[in-house]
Amino acid sequence: MWRTKMLWKNRAFLLCVSVFLMVQFSCISASPFFKPFNVSYDHRAMIIDGNRRMLISAGIHYPRATPEMWPDLIAKSKEGGADVIQTYVFWNAHEPVRGMYNFEGQNDIVKFVKLAGSYGLYLHLRIGPYVCAEWNFGGFPVWLRDIPGIEFRTDNAPFKEEMQRFVKKIVDLMREEMLFSWQGGPIIMLQIENEYGNMESSYGQKGKDYVKWAASMALGLGAGVPWVMCKQTDAPESIIDACNGYYCDGYKPNSYNKPTLWTENWDGWYTTWGGRLPHRPAEDLAFAVARFFQRGGSFMNYYMYFGGTNFGRTSGGPFYVTSYDYDAPIDEYGLLSEPKWGHLKDLHAAIKLCEPALVAADAPQYIKLGPNQEAHVYRGNVLSDGPNSTRCGSQSSCSAFLANIDERKAATVTFFGKSYILLPWSVSILPDCRNTVFNTAKVSAQTSIKPLESSLRPSPNIYVPQQSMLGSKLSLFSKSWMTVKEPIGVWSEKNFTVQGMLEHLNVTKDNSDYLWHVTRIYVSEDDISFWEENKVSPTVTIDSMRDVLRVFVNGELTGSVVGHWVKVVQPVQFQAGYNDLILLSQTVGLQNYGAFLEKDGAGFRGQVKLTGFKNGDIDLSKLSWTYQVGLKGEFQRIYSIEESEKAEWTDLRLDAIPSTFTWYKTYFDAPNGADPVALDLGSMGKGQAWVNGHHIGRYWTLVAPKGGCQNKCDYRGAYHSDKCTTNCGEPTQTWYHVPRSWLQESNNLLVIFEETGGNPFEISVKLHSTPTVCSQVSESHYPPLWKWSNSDFVDGKISLNKTTPEMRLRCEHGHRISSIEFASYGTPQGDCQKYSRGNCHAPKSLSVVSEACQGKNSCSIEISNAVFGGDPCRGIVKTLAVEARCTPSLNIHTGFTQI
C-alpha cells in the first residue's frame, strides 16, 4: 500500500509540474517572444536584427509527435546547440476536406511555433505546400486530384489557384498570431515549393514558368521574411536557392548576393517494409557539417533532428514503415541517440566559438596543407561585447578549420608554424587559429544502449500461457482477447455496381487502404474438363498493380501479390457453376515523390483478364463489378472506445487457428513510470493497430535480407543509404510507439486488424529506456567545450595545456546512475557492454567513478593520473572506459524494483 501511495504521489507531482508548465506557456504565448526584429541576408549569411549569424537548425515535424512531446523535443534541440527549429506544413493534415481545416491536436501548428519561440529559438517554416517527406501523397490532399483539369506543380490554373489559397491561409494565420520576426515572433524564414528542380524538366517550359509564378506569388503575400527554394538552381533572384543532401560543402547559390544554406542535411534515411535499417555514423555527419561551415556555409538544418512516427496512415509510399526514426539525434520515442546527439552538441559548441570570425570575414583564406589536406582561415575585427556583431571593433579574431579528406590515412600537417595530426576523413576546429578544440572523428560523447524491455505490469487478468497459437514463446498480456471476423467483399448498402474496372483512388478517395472488387464468373463443365485434361489452372492476369492484391474465390483467399506497379499472374481454382471472384486492392502509403503525382493513382493498370478458359480469355474489364470501400470494422470505428461494442465480439480461444482478416481486442494497464511505451507486434502478420481509438499505424512483419549489413561500420568515405546498414535477417519493424498521453492508468483498449494471420496472445507492452550508458575518453581527447567562451579566444585567455579532458555521463531525465558496471583507467579493451581490463589498470578506477557518479543523473570525471591515484603505466596514453546502469530515480530513493 505504501508503495502504491508513493507511486501516485510521484504521478501527482508530475501532473502538477505539467499544469505549471501549461500555465507558464499560456502566459508566454500572450506576448511577443522577442523584441521585433528584421531578417535579411547578404552573400555571407542570414542577418538577424542587423547581425550576421551562423545558424544550426533542428528538423522536427509536429504531426510526427504529440503536443505533449513537443516541449521536451524542443528543449533537447536547444540543449544540443540548435538556434532554429524547422518544419514542413502538411496540407493534407490541415485540409482533409476542401475548405474544412484542422489545426488541433497534433496539427496545432500555431502552438508548435509558439513553443519554439518560448524556448528562444527561431523557426523556419517550409510551407511547400508539396513536402515529399515520405508523407502520404507528398502532403497533397487526395481531393486535389479530383479538381477538373488539374495538373500538379506546373503552370496549371486550377492547381495554382488551390496552392495559392492554402499558402495564403498559412501565411495569414502566422501573421494573425503575430509569429513573424518583425512582429516579435520566431519565424525568420519561409519556403515555397520543395525540391522542384529534380522535376522541372519533366514539365518543360511550363515548369520554368511555374517556378517564377511560385516565387512571385509567395513574395506577394507580404510575409516580411526571406523565402527559400531548395534544390532549385534557377530560383529567381528574390528567392534563396538552398542545398539538400548528405554533403553540401561544395554548394554555391545561383547568385553572389545569396548566402549558402543547407535546408536538408540527411543524417539518416527512411526505411521500407522488408528493408534494412540505415545508419549514418556520427563521425561522418560531423565531418559533413564542419566541412560546410569550413567552406562558407552559414545555415545548416538536420533532416531529421527528431524523426518521430508516421501515426495512422500518414506514411508515404510505396511501403514506408510506420517508424520515421531516421537514425536522428533524438530517436522516435524522444530519447537521445548517443553518441550522435552528444557528438553534434560538441561540434555546435565548437562552431559557435568560431562565430565571431566566421561572420566578420566575407570569405576565408584557403591554404593547401597536403595532397588531401587543406585549411580555411577566417579573420576579422569584432566587438568584444558582441560575438555576433558584424561591426568593426578593437578585437581581432581568427578561426580555422583543418581538413583531411583522405579516406584512409591520417596526416601530420604544419599550420602557422605548429604541427597538427589530422585523422582520416576529419576536420579539426581551431577557434583561435592555434588550439584544436574539436575533431569530427574523435568522439568523447557517451554511447547509449536502448533495448526495448517488457513491461512487468499486466492487467489483473494476465497470465502466462504454456502454449500459444504459433509457438511456445512466453508472453505477459491479457488473456481476455476477443475477436470478430471481417466480412469478405460487400458489407454495406453503400456498395455500387458498374461495368468495368475503376481506378482505386477515384473510388476510395484514400479514406481507406482497402477496395473490394466483386464479380461473378460462370464456369462450365467443359472448362473443368479442359483444365483437368491439360493439367492447367485458370489465372488472374493483370498488366500492372500496386501495392497489395489479394484474390478470393468464393470467400476463400487463394493468393496475394505485393509490389509497386508489378505484373500479376495468380492461379485460381473454380468450381462448376457460378463463382464469386473478389479482388482486394490495397495501398500501403501513396506515392510521395516524382512528377505527375496526380496521375500515379493506385489499384490496377492495363488489361485485367482471366486466362486458361477453353473458349479463350475473359476480359474482366468488360464485366460488371460491385465495389465496396474499406472494412466494416474500420467504418464502424470498432477500434474506438465509444463504438467498440458495435461489433459482435466473441472470446478468442488459446488454441484458435491463426485467422486472416480478423479483428482482435483486449485491454491493458499502462506501465508505471514515465518511460516511453511500445507495442511488440512481432507475432502478428500485416494490419493496423489502435490504442484507445488512436491509430498507432500500419504494422507488417516483413524480414530484411540476410546479407548486406556490415560487421563494423567504417565512417570514413562518402556516405550513402546502403552503407552501415543494420538489422539484416530481422523484421524491419516490430515495435510501435504508443505515446504516453494516449494512455490512461488502466483498461486501455487495444484493437488489432490482422490480414494474414497472427498470434495476439504473444503481443506485449514494452518500455523504451536507456538502461546502459558507456563512454571511452583518453588523455589525447580535448578538454570539454563548455569550459570556453568566445571571449577566451578573442582575448587570448585560453591555455589548453592547463586543462584536461573529461568524461561526462548522463542518464535520461528522471533517471539516475544506480551502479557502475565497469570502470578501468589505463588500457581497457573492447566496446560497450563488452569491456575488459587491459595490461594497465588503475586499482581505484571503480571506486573513483562510483563516488563521482552513483546516485546522480549526470557526472563528470577528469581524465588524469592524479584523479586515479597516480600513473598506472608510464609512457602510455591512458583511457578511461566506463559502463553505467541507469534506473528511474524512484527506484534509487525507495529501493523499488522497476515494474
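The values are calculated or read from the model by the stated rules, or taken from the named source; none is laboratory data. Everything numeric here is computed off the predicted structure, so don't read it as measured data. Here the Cβ is made from the backbone with ideal geometry for all residues, glycine too, and neighbour counts use every protein chain on show. Protein only, heavy atoms only, side chains kept; ligands, DNA and RNA dropped before computing areas. Shrake-Rupley method; radii C 1.70, N 1.55, O 1.52, S 1.80 Å.
Just a few scattered comments:
- The chain, relative contact order in percent, only Cα pairs under 8 angstrom and at least six apart counted: 11 percent
- Stokes-Einstein, applied to the Kirkwood radius of the range 76-232 over Cα pairs at a viscosity of 1.002 mPa s and 20 °C, places its translational diffusion at 132 µm² s⁻¹.
- Inter-part distance where the range 95-131 and the range 836-855 are each reduced to a Cα centre, Å: 49 Å
- Centre-to-centre, using Cα atoms only, the range 211-276 and the range 607-674 are separated by 43 Å.
- Lysines whose Cα lies under 24 Å from that of K614, excluding same-chain neighbours fewer than 8 positions away: K535, K567, K622
- Sparse-neighbourhood loop sites, trypsin sites (Lys or Arg not before Pro) in the range 748-797 - DSSP loop, at most 16 other Cβ within 10 angstrom: K797
- Where Y122, Y782, Y522 fall by accessible area, highest first, once all protein chains stay in place (1.4 Å): Y522, Y782, Y122
- Set of lysines with alpha-carbon distance to K878 below 21 Å, sequence-local pairs under 8 removed: K442, K802, K834, K844
- For T447, the amide hydrogen comes within under 5 Å of the amide hydrogens of C774, S775, counting only partners 5 or more places away or on other chains and with H modelled in the peptide plane.
- Mean residue ellipticity (222 nm) of the chain, computed from DSSP H runs ≥ 4 via -39,500 (n - 2.57), nearest 500: -5500 deg cm²/dmol
- Semi-axis lengths, largest first, of the ellipsoid equivalent to the range 143-217 are 27, 15, 9 Å, with √(5λ) applied to each eigenvalue of the Cα gyration tensor.
- Cα gyration tensor, the range 621-774 - rounded (a/c under 1.5), prolate or oblate: oblate
- Pairs exceeding 27 Å between alpha-carbon atoms, taken from K509/K632; K787/K856; K76/K169; K345/K856: K76/K169.
- Probing with 1.4 Å while keeping every protein chain in the model, the per residue accessible area of the chain equals 39 Å².
- Coil-residue GluC sites (Glu not before Pro) of the range 624-655, DSSP, other Cβ within 10 Å capped at 10: E642, E648
- Across the range 827-869, C-alpha contacts under 8 Å between residues 6 or more apart give a mean separation that, scaled by the residue count, equals a relative contact order of 29 percent.
- Normalised convex hull volume, the range 507-625, alpha-carbon set, Å³ per residue: 106 Å³
- Rounded to 5, the percent of DSSP beta bridges in the chain classed as antiparallel: 80 percent
- Lysine pairs meeting the criterion (Cα under 15 Å, 8 or more apart or interchain), as found in the range 178-265: 4
- Surface composition of the chain: carbon and sulfur make up 51 percent of the accessible area, probe 1.4 Å.
- Cα shape, the range 612-688, gyration tensor, a/c 1.5 rule: prolate
- Cα gyration tensor of the chain - equivalent ellipsoid semi-axes, whole Å, descending: 50, 35, 26
- Residue order by solvent-accessible surface for H720, H564, H343, H781 is H720, H564, H781, H343, largest first, with ligands and nucleic acids left out and a 1.4 Å probe.
- Here the range 197-294 is treated as a sphere whose radius is the Kirkwood value from Cα pairs; by Stokes-Einstein at 4 °C and 1.567 mPa s it diffuses with a coefficient of 84 µm²/s.
- By accessible area with a 1.4 Å probe, ligands and nucleic acids excluded, highest first: order of R434, R637: R434, R637
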